[in-house]
Amino acid sequence: MADPYPICWLNGSYLPLAQAQVSPLDRGFLFADGAYEVVPVHRGRPFRMRPHLERFDRSLAELRIRNPLSLAQWSEVTHELVRAAQAPELLVYLQVTRGTEHGRNHLFPPASVEPTAFAFVSPYPQPAASVLANGLAAVTLDDSRWARCDIKSVALLANVLLRQEAQDRGGAEALLTRDGRVTEGSSSTIFIVRAGTLITPPNDYSILPGTTRDAVLELAAGVLPVEIRWFTVEEMRGADEIWIASAGRGVLPVTKLDGQPVGSGAPGPAWQAMHARLQQHLDTIASRPALEAC
Ligand code: PLP
């Protein structure tokens, strides 16, 4: 299938995606030695770009990979790709790897090796009307990922296997458990609602500090009580509502867990209210003058 937005950005140049080339000796290819970000674009505006770019910078710093661009430069690349795509709902993907050297050495390459930097844009997959009306099914699985899930590493093999396992069992997301606690989804953060209180795990090494999670917490402030704390699978099973949140999917209700209904088995009132608030928030941002810099 032809790519609908064929312009990408690679190591400083805008070029057709079909012409972009990276060496097979790139450490991203050999070792998954890199980090990435996904910036959502709603109503033509990158949403929460600065937190995304700051998290990108932090991921790279934790991996001891030099970020080849400043936040302002990444912002410019993002805006340029959005301008070229000319579509209001998009996902901008950014990635940096530790670069390419001859051979295959676990040790870091010499400082003279330049990181490989890449960005491309793709359509934002809108949630189906049936998902908004009926919610998603999810399954619980053991969290088999590494011990630094706070880093948005391109090493996503465990996430890939978990998501596929969920799909094979009829679920749209795997909700992960480690040491008796629920951590997050395979590509989303998690919220539960119990007796009117919104509960989500704290940011630590075992979860990605989600940008959508932060947006939800800001929109919830003063509207419903919030607790940032760990919860067990049993607590999640007994919740009135379960939500997953990510830049790529927004905030979606989970209405079936391991084949059993969650709460009433339909998207709950707290999710309905949050979804409406988020849409309103995006409308408000879209009505403001565009800021090119992040
Ligand atoms: N957790 C994981 C493992 C993810 O991969 C993602 C997003 O891809 C998230 C959480 C949600 O983060 P964000 O809301 O910033 O997209």
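The values are calculated or read from the model by the stated rules, or taken from the named source; none is laboratory data. Just so it is clear, the model here is predicted, and its values are computed rather than measured. Glycine gets a Cβ as well: all are built from the backbone with ideal geometry, and neighbour counts include every protein chain shown. Heads up: the accessible areas ignore ligands, DNA and RNA and are worked out on the full protein's heavy atoms, side chains in. Shrake-Rupley method; radii C 1.70, N 1.55, O 1.52, S 1.80 Å.
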remark   = Sole miss for GLU114 among (1) away from the ligand (no atom under 16 Å from the Cβ); (2) of a type in the set (Asp, Glu); (3) exposed (fewer than 13 other Cβ atoms within 10 Å of the Cβ) is condition (3)
inquiry  = If I go through region 216-259 residue by residue, how many of them are among the aromatic types (Phe, Trp, Tyr) and assigned to a loop (DSSP other than H, G, I, E, B)?
reply    = 2
inquiry  = Against the conditions (1) touching a residue at least 40 places away in the same chain (Cβ under 8 Å); (2) under 22 Å from HIS52 (Cα atoms); (3) more than 10 Å from the ligand (Cβ to nearest atom), where does THR140 fall short? Just the number, please.
reply    = (2)
note = When restricted to GLN86, GLN73, the only residue of a type outside the set (Phe, Trp, Tyr) and on the phi > 0 side of the Ramachandran plot is GLN86
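Considering region 10-56 alone, what residues qualify as being in a strand (DSSP E or B), more than 29 Å from HIS106 (Cβ to Cβ) and not charged (D, E, K, R)?
If the condition is that a residue be in a strand (DSSP E or B), more than 29 Å from HIS106 (Cβ to Cβ) and not charged (D, E, K, R), then SER13, TYR14, LEU15, PRO16, VAL39, PRO40, VAL41, HIS42, PRO46 are the ones that fit.
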remark   = Within region 186-208, residues being near the ligand (Cβ under 10 Å from one of its atoms) and either open to solvent by 20 Å² or more (accessible area, probe 1.4 Å) or over 17 Å from ARG55 (Cβ atoms) (or both) number 4
query = Which condition does PHE231 not pass, out of (1) open to solvent by less than 30 Å² (accessible area, probe 1.4 Å); (2) away from the ligand (no atom under 16 Å from the Cβ); (3) closer than 30 Å to LEU94 by Cβ, if it passes all the others?
reply = (3)
task = Tally the residues that are surrounded by fewer than 13 Cβ atoms within 10 Å (Cβ to Cβ) and among the charged types (D, E, K, R), restricting the search to region 117-157.
result = 1
ask   = Taking ILE242, is it within 16 Å of the ligand (Cβ to nearest atom), touching a residue at least 24 places away in the same chain (Cβ under 8 Å) and open to solvent by 40 Å² or more (accessible area, probe 1.4 Å)?
value = no
query = Considering ASP240, ASP204, ASP214, which residue is of a type in the set (D, E, K, R) and more than 22 Å from the chain's Cα centre (by Cα)?
reply = ASP240
key: From VAL251, VAL223, VAL160, residue being modelled with pLDDT under 95 and either open to solvent by 70 Å² or more (accessible area, probe 1.4 Å) or under 20 Å from the mean Cα position of the chain (by Cα) (or both)   = VAL223
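What's the total number of residues in region 203-214 that are outside any loop (DSSP other than H, G, I, E, B) and out of contact with any helix residue (DSSP H, G or I) (no Cβ under 7 Å at 6 or more places or on another chain)? Break it down stepwise before answering.
Taking region 203-214 and keeping what is outside any loop (DSSP other than H, G, I, E, B), we get 211-214.
So of that shortlist, the ones also out of contact with any helix residue (DSSP H, G or I) (no Cβ under 7 Å at 6 or more places or on another chain) come out as 212-213.
So the count comes out to 2.
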note = PRO6 fails exactly one of (1) touching a helix residue (DSSP H, G or I) at 6+ places or on another chain (Cβ under 7 Å); (2) in contact (Cβ under 8 Å) with a residue 60 or more places away in the chain, namely (2)
key: Criterion (over 29 Å from ALA215 (Cα atoms) and open to solvent by less than 60 Å² (accessible area, probe 1.4 Å)) met by exactly one of ARG27, ARG45   = ARG27
